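Nothing in this text is a laboratory measurement; each read-out follows from the coordinates by a stated rule. On a predicted model such as this, the values are computed, not experimentally measured, just so you know. Positions of Cβ are generated from backbone atoms using ideal geometry, with glycine treated the same way; all protein chains shown enter the neighbour counts.
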Amino acid sequence: MCPPEIALLKTFVHYFLHLAFPAVIAFVFYRNQWKRVYLILLATMLVDLDHLFADPIFDPNRMSVGFHFLHSYYAIAVYFLLLFFKGNLRIIGIGLLFHMLTDFQDFVLWCH
Ligand SMILES: [Zn+2]
């Protein structure tokens, strides 16, 4: 079990990485079109729809990465390949890989 203040910090870091940090990525790497890029990065959160096929949908003792099909290592390999394309595909790849990193740190670095 996590002490409540650690659980709160963990939740904060999770949503910060999901919602605020993509804005930083967009602003640093795509400054002249950061709003458009930020929206694409946010849209990559749709990969969490694969949780709907799992029972229970959310389990704090289960790592998403390597479990749900859009979080599988095969899927991650595809997201990595997206980086080699130009334009929106690359942005989607960045968003998806960063999403996986967020889910990974959420499980590996913290108590449950
Ligand atoms: Zn996820």
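Before moving on, here are some points about what is shown:
- By the count of neighbouring beta-carbon atoms within 10 Å, fewest first, Lys86, Lys10, Lys35 end up ordered Lys86, Lys35, Lys10.
- Distance between modelled label sites at Ala20 and Leu49, nm, 7 Å Cα→Cβ extension: 2.9 nm
- Using alpha-carbon coordinates, inclination of helix 4-15 to the longest axis of the chain, degrees: 20 degrees
- Since only Asn61, Pro4, Ile91 are under comparison, the one whose Cα sits farthest along the positive direction of the charge dipole of the chain, derived from C-beta charges on Lys, Arg, Asp and Glu, is Ile91.
- For the chain, diffusion coefficient by Stokes-Einstein and Kirkwood Rh (Cα), 25 °C, 0.890 mPa s, µm²/s: 166 µm²/s
- Residues His18, His51 arranged by fewest to most Cβ contacts within 10 Å: His51, His18
- Separation between Cα centres of region 71-112 and region 19-64, rounded to whole Å: 9 Å
- Net charge dipole size for the chain [Lys, Arg +1 and Asp, Glu -1 on Cβ; Debye, nearest 20]: 640 debye
- Here Phe85, Phe98, Phe58 are placed in order of increasing Cβ neighbour count within 10 Å, fewest first, which gives Phe58, Phe85, Phe98.
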